[in-house]
Amino acid sequence: MKTVFVTVGTTRFDELIESVTSSEATQVLKFRGYERLVLQVGKGSLLPDADSCAHLSVQAFRFKDSITEDMKQADLVISHAGAGSCLEALGAGKPLLVVVNDKLMDNHQLELARQLHMDHHLLYCTCSTLIETLKNMDLSVLQPFPPGQPKNFANFLDKALGVK
Amino acid sequence: MQQNERHSGEEVMSFWSKTASVVAVMWLFGVVFSLFMTALLFLLRVYFVLNSGSNPPKTRSHVAVLVVAGSGGHTTEILRLMDSLSAAYTPRHYVIADTDKMSEEKIVSFERCKPESHSDVQFTINRIPRSREVAQSWSSSVVSTLNALRYSIPLVFRLQPDVVLCNGPGTCVPLCMTGLLLRILGIKKVGIVYVESICRVQTLSLTGRILYLVSDYFFVQWSSLRDKYPKAIFLGRIV
């Protein structure tokens, strides 16, 4: 079952949950071949139940110890701009659409999402442009995100500290 | 006769009170001068320590590390870095903020996966009060950092690490400052290694800005920061 996984991280993003579960959005997702919508809503006030959407089967939860499994089973990840969520989705090799919360004060979290967008690792939109983006998005342009190389750090440090 | 006696009595008194005033002023001058000289020598020592550059290191087989684990993403990043380090980096002293529940679990799971080369434990977990909560005001941050310093100083003086490794949480400021203090006092040459978070692309974190000048090795993970901070080391993404 083609699945969309939506994550808002450790806080809340009611506007995203509302937008992505709207009739229009779920219709577009259905049209693009998705059948299941899994929502991690955090501290948000909306916790949609299984029959809330006409077009897709819905699952919602607030928090889990690990969302690795949900990421693995997703065919598309829609996430807030948090670095942890972005890196986890990209690390799992999943196409990622980041929805920026323009109600929040500009915070440094956006720096990473912006850079990753510029490097073509993810798509980027706001709640108001979500439906448009879902209609027109081309996930094939996304570049794979190679993992970081901590070994470079270790080699540098060994040399600098004189470790045998 | 009595008047003369009174006058000479008064003269004697005024002589001694004048002498006492002079002695008091000289004593005060002496104290101020000593404080000034101590402060000057201290500043010269700090300048020397920060600018002495790195001499070619003598080879060593072990590096005792003090690892500062912040909340959430910081801990994940630092454990990825720790995972790349060889078995020579031991013992590993992790320091976490007292309000952090999750980091201890992550650290213990990480350490459990390591092959045990000795029967004795190669790592410790230590707690200090948090220096600053997210978005805490400036003035109360200074107070809470000073409070964290009360715990950092005896801890670092006891552990005497070769290197302090950190990546951004406010908890690292008092710990790094204490490491620096050990060096200034000539007790131990503690190196400070700072790795700015991968989240920082265009701007440094507050901790990064504070520690940029005192770190021995300051890593950034995006070239835009390396361009802005020439002292920084850029090896690409390392987490």
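The values are calculated or read from the model by the stated rules, or taken from the named source; none is laboratory data. Owing to the predicted nature of the structure, the values given are computational and were not obtained by experimental measurement. With ideal geometry, Cβ positions are generated from the backbone for all residues, glycine too; neighbour counts draw on all protein chains shown. For the accessible areas, the whole protein counts, side chains as well, though only heavy atoms, and no ligand, DNA or RNA atoms are used. Shrake-Rupley method; radii C 1.70, N 1.55, O 1.52, S 1.80 Å.
Quick notes on this structure:
- Charge sum, other residues only, whose C-beta stays under 11 Å from A:ALA83's C-beta, Lys/Arg counted +1 and Asp/Glu -1: -2
- Relative contact order (percent, whole number), chain A, Cα cutoff 8 Å, 6+ residue spacing: 21
- In Hz, Karplus ³J(HN,Hα) per residue of the range B:65-82 (6.51, -1.76, 1.60; θ = phi - 60°; x = Gly, Pro): 10, 9, 9, 8, 9, x, 7, x, x, 4, 5, 4, 5, 5, 6, 5, 5, 4
- Charge context of B:ARG45, other residues only, Cβ under 15 angstrom, K/R +1, D/E -1: +3
- Shape class for the range B:134-239, computed from the alpha carbon gyration tensor (a ≥ b ≥ c): oblate, with a/c not under 1.5 and a/b at or below b/c.
- Nearest-10 value in Å² for the accessible area of B:ARG45, using the 1.4 Å probe: 80
- Largest to smallest accessible area among B:CYS172, B:CYS113, B:CYS199 [probe 1.4 Å]: B:CYS113, B:CYS199, B:CYS172
- The amide H of B:PHE123, built 1.01 Å from its N in the peptide plane, has B:ARG92 as neighbours under 5 Å, considering only residues 5 or more places off or on other chains.
- Interface residues, the range B:202-219 - accessible area loss of 50 Å² or more versus chain alone, probe 1.4 Å: B:TYR217
- The range A:30-152, accessible surface, carbon-and-sulfur percent (1.4 angstrom probe): 54
- Interchain or long-range residues, amide H under 5 Å from A:ARG12's placed H: A:LYS43
- Pairwise burial A:B, computed as accessible area of each alone minus the pair, summed, 1.4 Å, Å²: 2500
- Förster radius 30 Å - calculated FRET efficiency between A:THR11 and A:PHE156, Cβ distance, rounded to 0.05: 0.25
- With all protein chains modelled, accessible area of B:ASP227 [1.4 Å, Å²]: 110
- Estimated FRET transfer efficiency (B:ARG45, A:ASP102; beta-carbon r; R0 60 Å; 0.05): 0.75
- Rounded if a/c under 1.5, otherwise prolate or oblate - the range A:29-87, Cα gyration tensor axes: oblate
- Accessible area of A:CYS127 in the full protein assembly, 1.4 Å probe (Å², nearest 10): 10
- Restriction of the trypsin sites (Lys or Arg not before Pro) in the range A:1-92 to DSSP coil positions whose beta-carbon has at most 11 other beta-carbons within 10 angstrom yields A:LYS64.
- Structure-based [θ]222 nm, the protein assembly as shown - -39500 (n - 2.57) summed over DSSP H runs of at least 4, per residue, nearest 500: -14000 deg cm²/dmol
- Here the Karplus relation 6.51 cos²θ - 1.76 cosθ + 1.60, evaluated at θ = phi - 60°, turns the backbone of the range B:19-35 into coupling constants of 4, 4, 5, 4, 4, 4, 5, 5, 4, 4, 4, x, 5, 4, 4, 5, 4 Hz, with x for every Gly and Pro.
- Listing of the range A:120-149 residues, each with accessible area lower by at least 40 Å² in the full protein assembly than in the chain alone (probe 1.4 Å): A:GLY148
- Accessible area in the full protein assembly, largest first, 1.4 Å probe, for B:ILE210, B:ILE238: B:ILE210, B:ILE238
- Pairs of Lys residues in chain B are counted when their Cα atoms are under 24 angstrom apart and they lie 8 or more places apart or on different chains; the count is 7.
- Centre separation in Å (Cα based) which lies between the range A:83-155 and the range B:149-220: 30
- The long axis of helix B:102-112 is offset from the longest Cα principal axis of chain B by roughly 60 degrees.
- Taking chymotrypsin sites (Phe, Trp or Tyr not before Pro) across the range A:11-77, the ones in a DSSP loop with at most 11 further Cβ atoms lying within 10 angstrom of their Cβ are A:PHE63.
- For chain B, the list of Cys residues with no other Cys C-beta under 4.7 Å reads B:CYS113, B:CYS176, B:CYS199.
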